[in-house]
Amino acid sequence: MKILEGKVAIVTGATKAKGLGKAIAIQLAAQGAKVALTGRQSSKEGVEKNVAQIKADGGEAMVVDGGFTAGMSMTAYNTLAAE
């Protein structure tokens, strides 16, 4: 069993091909977490590519549209990520 199996992680700023957000998301997924990635709406393509990479590596990941500035509460993010 992996250390984060059964856990959900939300990573903001995972919008670029290289960067800290992407690296964090990949490591969380490698440890068994389901990862919800989000970032600026203008960078949706980058988030989708990062989700695809995590899935290709055998992890679970999803895109959550919009960022925290979009007015969505943390509770709403948790609900979406848990689905």
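We did not get these values from a lab; they are worked out from the coordinates using the rules stated. The structure displayed is predicted, hence computed values, not measured ones. As a convention, Cβ positions derive from the backbone with ideal geometry for all residues, glycine included, and neighbour counts pool all protein chains shown.
In this structure the amide hydrogen of residue 7, modeled in the peptide plane, comes within under 5 Å of the amide hydrogens of 34, none closer than 5 places in sequence on its chain.
I need the peptides 27-33, 10-16, 54-60, 43-49 ranked by packing, meaning the mean over residues of other C-beta atoms within 10 angstrom, with the highest value on top. Intermediate results must be reported in sequence, preceding the final value.
On the way: 27-33: 18.7, 10-16: 21.1, 54-60: 14.0, 43-49: 16.4.
Ranking the peptides 27-33, 10-16, 54-60, 43-49 by packing returns 10-16, 27-33, 43-49, 54-60.
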